[in-house]
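Please read the structure below before turning to the comments.
Only the coordinates and a few stated rules stand behind these numbers; no lab work does. For clarity, every value in this text was computed on a predicted model and none was experimentally measured. Here the Cβ positions follow ideal geometry from the backbone for every residue, glycine too, while neighbour counts run over all protein chains shown.
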Amino acid sequence: MRFILRAILLLVLLALVLSLPSFATSYYLGLVVKIMIYALFALSLQLLVGCTGLVSLGHSAFFGIAAYFVTLLSPESGAGNMLWLLPGAILAAMAYAAVTGALALRTKGIYFIMVTLAFAQMAYYVFHDTALGGGTDGIYLYFRPEIRLGDWVVLNIDDQFVFYVFTLACLLLTWLFLALLMRSRFGAALTGIRVNEQRMRAAGFSTFKYKLIAYVIGCGLAGVAGFLYAVKDGYVNPELLAWEQSGLVLLMVILGGMGRLWGAVLGAVALTLLQEVFQSHALFGEFASRWHLTFGLAIIALVAALPQGLAGLPDQWRNRRRPKSISSASAQ
Amino acid sequence: MDPAILLIQCLNAVQYGLLLFLVASGLTLIFGIMGIINLAHGSFYMIGAYMAFALQPLVAQYLGGGFVLTVLVCVVLATVLGYFLEWAFYSYLYTREHLQQVLMTYGLILVFEELRSIIVGNDVHGVPVPSWLAGSVRLGDVMTYPVYRLFISLVCILVAALMFWVLTRTRLGMMIRAGASNREMINSLGIDINRLFRIVFAIGVALAALAGAIAAPVSSVYPGMGNAVLIICFVVVVIGGIGSIKGAFLAAMLVGFVDTFGQVFFPAAAGVMVYLLMAAILLFKPEGLFKH
Amino acid sequence: MKKIFTHTALAAALALSAGSAFAAVKVGFMLPYSGTYAKLGEAIENGFKLYVQEQGGKLAGQEVQYFKVDDESNPSKGPENANRLIKRDGVDILVGTVHSGVAMALAKAANDSDTTLIIPNAGADAITGPLCSKNVFRSSFSNWQPGYAMGAVAAENGDKTAVTISWNYAAGKESTDGFKESFEKAGGKVIKHLTLPFPNVEFQPLLTEIASLKPDAVYTFFAGGGAVKFVQDYAAAGLKDSIPLYGAGFLTDGTLEAQGASAQGLQTTLHYADGLDTPRDNKFREDYIKNFPQLPPDVYAVQGYDAAQMLEAGLKAVDGDVSKKDAMRDAIRSAKIDSPRGEFTLSKAGNPVQDMYLRKVEGDKNQFVKIAVEKLADPARGCKL
């Protein structure tokens, strides 16, 4: 019964999202694309945070590396070929993840958070201070890459509607992939590691290997989001790798709820809309210029009121009747 | 390198490190004793600096005092602010998970920055160095070293000594150290843990504000100054080991030297040096230099 | 003050829209309204609106409708902020911005949507260099210009060796490259270029190095909080009296109150100065102070003011019909602007060809000394126009 309800809900949402281009203006369409890209970004982090219990404050590095990869390697005079640019961007992100993950995963808890931050800052400074990526002014991506087999252009994403559907497809495929991954034996192992790593090790699992693979996959998927972001506006900048970006996507995951995979999507939608709303002059008049204040207060209120995030809201309501249990042990 | 130049660069490194220690010590205290990750710590540094700027004319007018009195007033106000903030906001964070603390204090940064913008505006301001400290010491034939920077180092050393004395020789220090080791035990011993935490938090805020106030004449007062300090502070705290004042001191010195000499010898990689240091240390000592 | 302006302009637009031939010209400001550059954003907008007010609230007989977005000097938000103005508000003309990284994003968005863009500050050479385009103009300067002018001055003063220092970012590099070009052309030699990561302000190690290198002069490019601190540190390190410090005008523009005594006597080059004492500049300053008593008229206000003049030149040529984009842009490009800074024209790449002035800090003013270089044009290297 619940399955059918869920399926119907999903189909309705899908229909809504697909029909949006017919009545939304160009600006709002672009906004929805941005939300989808951030949803993908948040989903990739959810694999680390919500599924494996690895809190990373350096996720923006992989987003940025992929974005710079596609921008730097796209030709200036014509469209590049997505058939190798997209996998290449993902592999670049994964390569950095493999190296830094192997080192970072030797630490735990707050130290892990800080080491991931450190590695992200290193990548940030490479793009910020060296001539590699055009420095702080950023660089342009002149032509959106297309899927080309020899001379045959299979898919060109210049059109806004085509790009919209393309991004949606990427988001849905990633979501499906992660859902299936978590249902597999590998996913079960990750869940076990998140709940109690000691026990998993005692049961004979090589937890380091599992964590590293999850880390690499998650960072590779962040690369997909970075690729899409670079292609969308055609402009990349070192600030994409800044810790504020890492903080923002972490906020999305936590706000949306770490308990469910789709919490990440919900968090991305909620946070982006919140930012739009607070900046809207129509709603707040002159006070809209002070939106950092309202946004900051909203974050505090939301995190305080929703310890399990938005996705945990139904559970929270259900538990209201029952007596409060002692706060559960936090995975450190 | 010329020995006089080397000496000056060492002085630069030490002074930078000492100032970092002042800010980081507050952070590590709060983190170590109370278990709260406070991202808004950089904002307290900024508040201290802006207070020094805003209060200086008022102190001169109503209290007839100069720079030192202004700094003292800032410290007192910051302590009161810290006490109030702990009661109003931070006390609710103890039972929360680290992640929620991170995010709520992140929201707090936004609130502080915007409030600062509303109250004081967005301009860059200078705070004049007091005239009795405005001289320079001659070192070598071209270069002089500002006396004020020596003053900063002196203040930091005095505060560090004071902290050491309080922690090892007073009852309060004993309670703090006990609270850091075992919070529940302290409570069952009848010591009012809430009041203790409030005091510790107020001290932490006061330390950061003091650093901001005395650094204001050399760093100038500008929006976003808290964020830059925050990240480096976290690096210092993590390298030193969370909750360890000794570790924070050593780590601050390390960071000071790496940053200073990194800028001189590897200007292109200067930004990365500190993070390389942190990564390197954590790979050998995953919980920092001095495990708490 | 701004609020009154916007409401007046809007009210005027609504009241008189029945009479105008076309709908109001939509101008979108993408400027920093928060953060360190907020004051600059405000000055630019004030300057722009002052000119429109002087023309009776209309440009070339057209009402002007304003939109604005705070770019927060954050380049990563650049494209979406630009799209707010272009797509959501549907502006005809974009005016922005201060930060070069944001300007790059803005230029890309303007190019992609074929919107006319007038940049009232950001000096990134690339925008009127390899990325130049028919729809992008500047009412300000290119980073190269003040640097080049100062190099000429330094060589004239008899300096043979120099050290350049700036943040490690495009603006710093372009400015110091400009200095190096003219300085070395005149026989001088830049012995070292020191950088530190942006926006780091711990200058002590590098000041120590300058002292050990003992050059004849130091040329620097810093702006905002960094400029304040550098000038103070330079003086505190005892270098001010032994090694002359030169800089691009931003070293001492808007920062003198904070810098105090440490800035006195500093020489800088810029396309504007205090004490120009021309009738045009005097009138501008008088009007500006009358309308904005809290703010001193500065180079940013002038740049905003001139952006409005450039727009008017374009609108006049097409009788207010903004849809005639090519004609309007050609008119802007060939315009001669009667600016408070002096008269200037635009190069083919869209950058002002203007006199660069040498200024000296006296009290709280950047006092005009002489013209450093006349009618200096940015070489627009890499521009295909």
Once amide hydrogens are built 1.01 Å from N within the peptide plane, the residues lying 5 or more places from C:SER339 or on another chain with amide H under 5 Å from its amide H are C:PHE344
The residues C:VAL373, A:VAL55, sorted from fewest to most surrounding Cβ atoms within 10 Å, come out as C:VAL373, A:VAL55
Rounded to the nearest 10, the angle in degrees between the Cα long axis of helix C:170-185 and the longest principal axis of the Cα atoms of chain C comes to 60 degrees
In order over the stretch C:314-331: 3J(HN,Hα) from phi, Karplus 6.51/-1.76/1.60, θ = phi - 60°, whole Hz, x for each Gly or Pro, gives x, 5, 4, 5, 10, 6, x, 8, 5, 6, 7, 4, 4, 5, 4, 5, 4, 5
About its Cα centre, the stretch A:26-243 carries a charge dipole, from +1 on Lys and Arg Cβ atoms and -1 on Asp and Glu Cβ atoms, whose size in debye to the nearest 20 is 1260 debye
For C:GLY254, the net charge from surrounding residues (Cβ-Cβ under 9 Å; K, R +1; D, E -1) works out to -3
Averaged over residues of A:293-304, the number of beta carbons from other chains lying within 10 Å of each residue's Cβ is 6
Sequence order, the stretch A:191-204: Karplus ³J(HN,Hα) from phi using 6.51 cos²θ - 1.76 cosθ + 1.60, θ = phi - 60°, Hz rounded, Gly and Pro as x, gives 4, x, 5, 5, 6, 7, 5, 3, 5, 5, 5, 5, 7, x
To the nearest 20 debye, the protein assembly as shown has a Cα-centred charge dipole, built from +1 on Lys and Arg Cβ and -1 on Asp and Glu Cβ, of 3560 debye
Mean projected area (nm²) from the convex hull of Cα positions in the stretch C:259-385 is 9.7 nm²
Treating every alpha carbon of the stretch A:26-243 as one equal point scatterer without solvent, the Debye formula yields log10 I(q)/I(0) values at q = 0.13, 0.18 Å⁻¹ of -0.74, -1.26
Scoring chain C by relative contact order with C-alpha pairs under 8 Å, at least six apart, yields a percentage of 18 percent
The computed P(r) of chain C puts the percent of Cα pairs beyond 33 Å at 28 percent
Partner shielding of B:108-119, taken as the mean number of other chain Cβ atoms within 10 Å, equals 5
Each residue of C:70-81 has, on average, a number of other protein chain C-beta atoms within 10 Å of its C-beta equal to 5
Taking Cα pairs closer than 8 Å and at least 6 residues apart, the relative contact order of the stretch A:26-243 in percent is 43 percent
So the FRET efficiency between B:LEU6 and A:GLN198, C-beta based with R0 = 51 Å and rounded to 0.05, is 0.55
Interchain or sequence-distant (5+) residues whose placed amide H lies within less than 5 Å of the amide H of C:VAL353 are C:THR345, C:LEU346, C:SER347
For the stretch A:26-243, the count of lysine pairs 8 or more apart or interchain whose alpha-carbon atoms are under 30 Å apart comes to 4
Largest fluctuation, C:ASP71, C:ASP321, C:ASP355 only, Gaussian network model of chain C with Cα springs under 10 angstrom, belongs to C:ASP321
Pseudo-spin-label distance A:ILE213 to C:GLU184, built 7 Å along Cα→Cβ, given in nm, is 5.6 nm
FRET efficiency (C:ASP326, B:ARG169; Cβ distance; R0 60 Å; to 0.05) is 0.15
The distance between the Cα centres of the stretch B:7-33 and the stretch A:170-248, in whole Å, is 36 Å
Footprinting proxy, A:MET252, C:MET150: sorted fewest to most Cβ within 10 Å, the residues are A:MET252, C:MET150
Note on chain B: contact order normalised by length, alpha-carbon pairs under 8 Å, 6 or more apart, percent, works out to 38 percent
Bridge orientation stat for the protein assembly as shown from DSSP, antiparallel percent rounded to 5, came to 45 percent
The value for the stretch A:145-241 (convex hull of the alpha-carbon atoms, volume per residue, Å³) is 148 Å³
Note on the protein assembly as shown: alpha-carbon gyration tensor, axes a ≥ b ≥ c; rule is a/c under 1.5 for rounded, else prolate if a/b larger than b/c, else oblate; result oblate
Per DSSP, the loop-located chymotrypsin sites (Phe, Trp or Tyr not before Pro) within the stretch C:222-324 having at most 11 other beta carbons within 10 Å are none
For B:LEU289, the residues 5 or more places away or on another chain with a placed amide H closer than 5 Å to its own amide H are B:GLY240, B:GLY241
Going fewest to most other Cβ atoms within 10 Å around each Cβ, C:MET310, A:MET94 line up as A:MET94, C:MET310
